[in-house]
Amino acid sequence: MLMFILRRVATMVLTAACLTFIVFFLTNLEPNLEKVAKSEAGSRISDAEVESWLERNGYTRPIFVRYGEWLGILPGWTGTEPDGRPRGRCVDRAADKANAPRYCGLLQGDWGFSTVFKQPVAEIVATRLALTGILMFWVMALMVPASLLIGVLAGMREGSRLDRTLSTFSIATTATPEYVSGVIFIVFLASNAGVQWFKGTATSAMDGVTFENFFLPVLTIALYGIGYIARMTRASMTEVMTAQYIRTARLKGMSFPAVVVKHALRNALIAPFTVIMLQFPWLLNGVVIVETLFNYKGFGWTLVQAAGNNDIELLLACSVVAVFVVLVTQLISDIGYVFLNPRIRVS
Amino acid sequence: MEPLGWIEILGRLVQQFLPVWIALVLTFGLSIRFKRRLGLYGKLFDSTVGMVGFALVMFWVFTALFADQIATHNPLTQISGMKNKPPGTPVAGGPAGVYAYYLLGGDNLARDVFSRMVMGAREVLKIAPAATVFAFMVGITLGLPAGYFGGRFDTLLSFLANLVLAFPVILLFYLLVTPEIVETGIPTYLAAILFLFPILFLVMLWNSRFFTQPARRNLYVALTLVVGLWLYAGLAFDADPLGIVSMPANILIVFVSVVFVNAPTVFRIVRGITLDIKTRDYVAAAQTRGEGPWYIMLWEILPNARGPLIVDFCLRIGYTTILLGTLGFFGLGVSPESPDWGSTIDQGRQLLSIAPHPALVPALALMSLVLGLNLLADGLREESLRD
């Protein structure tokens, strides 16, 4: 078991390194850097000036070296100003210029400075993640029970009318992406065209969450996931319900609800567990769309701002967080599956 | 003129869609008449869910085909005084000879919402199915050998597939689908790699089947290569010698990134099925006969994997449609005038409280198309499991 976890963690670290490198490469492409140079040094500078600005700020060195510096496993570059003052990746950031550290990267906790928000990236990411955390908590609190309930009820008696109704509902929700359901909800539940039970924006939810301002965004994200998880639960439930031990339990005279709750449920919930964990990358998608749609300034909104305004360091930080979340949930799902399912042996 | 009431609007909409109704009735009549002779497609007409799904999908396919006849206005023409007008508003002061009403209202630039929605169907159906086909070609060409041979090749490809799958889709889009990336030529390189797979797939297909009849083999392979490389040059490098085939750079990058996102999932599915099927007796029989590995993969394993693949194909077109909508929603890779559903939803959402219809119409259109595809997949799954 320990070997299995170790191997998984090693793969995860390798994957994370590859992914962050790809992001680093894509954000540090020539045209992007040119844009940075123009926004920092004035938009009318000539090509030669762009070239020299990039040269002076260490952007012309090999990409692997810069990646290493950003990660914090290579020492930051150093140089001198024309007037002899020391300069460098770490020197520029340090408060005490003379005793600047040699390494300053992700691993040292130095995430850089956002050009859009004019704040340290680490601070922005922390506050925004907290806001998204609240959103995710409520999404999970709504999505998981609802989808498991739908799935179990539908899979309990395959082919019944209840099953058909609930299955059609799940298909309908998987066919409705967040930007469609969000628009429909706003029009019918939060505007003059329908009833005005809720608010069409969640901006006020950043100060205090209420049912009125937060239910629509939560519902919008949860709905897209509900259908998928419910269908997986249903498939797993129908499979369990045809098993021999369920028939035995029925034949020895147990009531149907008791069979479902005591025998079927535990075995049927193994597969949905992994599915719920693997939903995280998709939820991230939903978070970005919904936060944009409802103007809730969380992590997804920050990602859009960073990408739209070519804020390289902030975008890199967002990517690191996103990749980290995805990989950790994958790891949990793998390990959890092995723990929960006695039929799988790892070795 | 008086604005139209809801019933009149509905009546006129039904009338505008007339070519679609005729085509639908013909398709269904002929299919149900001959359904016993049409294999899996015919069996679809035994399941209500499948028929509903098929009807929804074909509705949009025919709408895209007959879009020029159905649309009442030019999707780009702005008629003054029609800004954000509710559905059924008569067109006042427009040029002579145009349709007298904005059936589903006007958007914030005074364009006809109905016509834009109809033209949007064409935009979506031009890209989504083609991108899905390419993703399947890539996934199958790589997944079959990975599952069949296993070993290092499999480990490497699976690692790469998981790498792409671990990438949050939205982030990938934001990084890939930008004008700066187009400048660097990365989409062309990606297209150069990804578009090679369909040619590779077809050449392998013909070669493994007909290598005992060189004349036929040479003919098929030559035809594939000529047509394939012609399209390849036109689509990937915009260097078609005849100047017929080309793809605008912003569409190419959208296409490539959608294929890139979908291919790893297809790869995983194909690999999984191959791992399962290669233990069957008929594969062992083919191996004993001395058939080559590519023959076994493409002509023994692949046809037997078609059930789940067809179902996934339908689902994946729907997913691709959603992805394209997402791209449009964030304004990535589409021209601002484009009538595709994602970007019209995005433009309409800013004014939801004043005029909900410009966003609602494309939203419902997109939802019904994806719903149709999902129901179709469900019906196909049910029917293919039956035998």
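Here, each number is a calculation from the coordinates, and none is a lab measurement. Computed from a predicted structure; not experimentally measured. All Cβ positions, glycine included, derive from the backbone under ideal geometry; neighbour counts span all protein chains shown.
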Phi angles of the stretch A:270-280, converted by Karplus (6.51 cos²θ - 1.76 cosθ + 1.60, θ = phi - 60°) into ³J(HN,Hα) in whole Hz with x for Gly and Pro, give 5, 5, x, 4, 5, 4, 4, 5, 6, 6, 4
Whole-number percent relative contact order across the stretch A:2-108, with pairs defined as alpha carbons under 8 Å at least 6 apart: 18
To the nearest 10 degrees, the tilt of helix A:312-340 (Cα long axis) against the first principal axis of the alpha carbons of chain A is 30
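To make sure I understand, if each residue's beta carbon is the centre and we count other beta carbons within 10 Å, what order do A:67, B:189 fall in, fewest to most? List each step's numbers first, then the result.
Working: A:67 19, B:189 12.
Ascending Cβ contact count within 10 Å gives the list B:189, A:67.
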In degrees, nearest ten, helix B:249-277 long axis to first principal axis of chain B (Cα): 40
Across every pair of different alpha-carbon atoms, what Kirkwood hydrodynamic radius in Å does the stretch A:1-80 reach? 14.8
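With the radius of gyration and the Kirkwood radius both derived from the Cα set of the stretch A:237-347, what is their ratio Rg to Rh?
On the way: Rg = 21.1 Å, Rh = 17.2 Å.
Looking at the stretch A:237-347, the ratio lands at 1.22.
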For chain B, count the residues as N, evaluate 2.2 N^0.38 Å, and divide the Cα radius of gyration by that value, please. 1.11
Can you give the Kirkwood hydrodynamic radius of the stretch A:121-340 from its Cα pairs, in Å with one decimal? 19.0
From the residues A:336, A:232, A:257, which one has its Cα farthest along the dipole of the stretch A:188-347 in the positive direction, the dipole being from +1 and -1 charges on Cβ of Lys/Arg and Asp/Glu about the Cα centre? A:257
Starting from the Cα of residue A:251, step 7 Å along the direction of its Cβ; do the same at residue B:239; then give the gap between the two resulting points in nm. 7.2
Given the peptides B:103-113, B:351-361, A:186-196, arrange them by the average over their residues of other C-beta atoms within 10 Å, most packed first. B:103-113, B:351-361, A:186-196
Model label zone, residue B:108; criterion: amide N under 15 Å from point 7 Å along Cα-to-beta-carbon; scope the stretch B:74-90: B:83-85
Residue among B:244, B:277, B:186 with the largest mean-square fluctuation in a Gaussian network model of chain B, springs linking Cα atoms under 10 Å: B:244
Quick one: helix A:299-308 against the long Cα principal axis of chain A, what's the angle to the nearest 10°, folded into 0 to 90? 40
Working from the alpha-carbon coordinates of the stretch B:209-304, get Rg over Rh, Rh being the Kirkwood radius. 1.11
Which of B:257, B:343, B:47 moves the most in a Gaussian network model of chain B with Cα springs under 10 Å? B:47
What length, rounded to one decimal in nm, is gained on full extension from residue B:289 through to residue B:218, with 0.36 nm per residue of separation minus their alpha-carbon distance? 23.2 nm
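Please average, across the residues of B:345-357, the number of beta carbons from any other chain that are within 10 Å of each residue's own beta carbon, and give a whole number.
Working: counts 6, 4, 0, 2, 8, 0, 0, 10, 8, 3, 2, 9, 2.
Mean inter-chain Cβ contacts per residue within 10 Å come to 4.
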Rg and Dmax of the stretch B:122-318, Cα atoms only, in Å: 17.8, 54
Rounded to one decimal in nm, the spacing of the 7 Å Cα→Cβ label points at residue B:299 and residue B:354 is 6.5
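For the stretch B:185-236, just run the numbers: alpha carbon Rg, then divide by 2.2 N^0.38 Å, N being how many residues it has. Mind dumping the intermediate values first?
Values: Rg = 12.7 Å, N = 52, 2.2 N^0.38 = 9.9 Å.
Its radius of gyration relative to the 2.2 N^0.38 Å reference: 1.28.
Taking the Cβ of residue B:143 as the centre, find all other residues whose Cβ is under 11 Å away and add up their charges (Lys, Arg: +1; Asp, Glu: -1).
With Lys, Arg at +1 and Asp, Glu at -1, the net is +1.
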Could you check the spin-label model distance between residue B:37 and residue B:335? Points 7 Å from the Cα along Cα→Cβ, value in nm. 4.6
Relative to the compact-globule scaling 2.2 N^0.38 Å, provide the ratio for the alpha-carbon radius of gyration of the protein assembly as shown. 1.03
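Cut-off is 10 Å between beta-carbons; in what order do B:314, A:318 appear when sorted fewest neighbours first? Spell out each step's value before the answer.
Numbers: B:314 23, A:318 29.
Starting with the residue having the fewest Cβ neighbours, the order is B:314, A:318.
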The long-range amide H neighbours of residue A:79, using H built 1.01 Å from N in the peptide plane and a cut-off of under 5 Å, are A:87, A:88
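Using Cα pairs under 8 angstrom and six or more residues apart, how large is the relative contact order of the stretch B:122-318, in percent? Intermediate results must be reported in sequence, preceding the final value.
Numbers: 190 pairs, mean separation 71.4, N = 197.
It comes to 36 percent, rounded to a whole number.
Could you please report the charge total around residue A:300, scoring K, R as +1 and D, E as -1 over all other residues with beta-carbon less than 14 angstrom from its beta-carbon? Let's see the in-between values first.
Numbers: positive: A:128, A:297; negative: A:178, A:291.
Result for the neighbourhood of residue A:300: 0.
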Once phi is turned into θ = phi - 60°, what whole-Hz ³J(HN,Hα) does the Karplus curve with 6.51, -1.76 and 1.60 give for every residue of the stretch A:51-63, x standing for Gly and Pro? 4, 6, 5, 4, 4, 5, 9, x, 8, 8, 6, x, 5
Of B:136, B:167, B:62, the most mobile residue in a GNM of chain B (C-alpha springs, cutoff 10 Å) is B:167
Quantify how strongly other chains surround peptide B:176-188 by giving the mean number of their Cβ atoms within 10 Å of each of its Cβ atoms. 3
In the stretch A:16-37, whose amide N lies under 19 Å from the spot 7 Å out along Cα-to-Cβ of residue B:192? List them in ranges. A:26, A:29-31
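Which order results if B:294, A:111 are arranged by neighbouring Cβ count within 10 Å, fewest first? Numbers along the way, then the final one.
On the way: B:294 17, A:111 21.
By the 10 Å Cβ count, ascending, the order reads B:294, A:111.
With +1 on the Cβ of every Lys and Arg and -1 on the Cβ of every Asp and Glu, and nothing else charged, how large is the dipole of the stretch B:122-318 about its Cα centre, in debye rounded to the nearest 20?
Numbers: 13 positive and 11 negative charges, 118 e Å.
It works out to roughly 560 debye.
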Any residue on another chain or 5+ positions along whose placed amide H is under 5 Å from the amide H of residue B:102 is listed here as B:88, B:89, B:91
Summing -39500 (n - 2.57) over every DSSP H run of at least 4 residues in the protein assembly as shown and dividing by its residue count gives a helix-only mean residue ellipticity at 222 nm, to the nearest 500 deg cm²/dmol, of -22500 deg cm²/dmol
Using Cα-Cα distances under 8 Å and only pairs 6 or more residues apart, what relative contact order does chain A have, in percent? 20
Cα-based reach from residue B:43 at 20 Å (exclusive), listing aspartates and glutamates while leaving out same-chain residues under 8 positions away: B:312, B:378, B:382, B:383, B:387
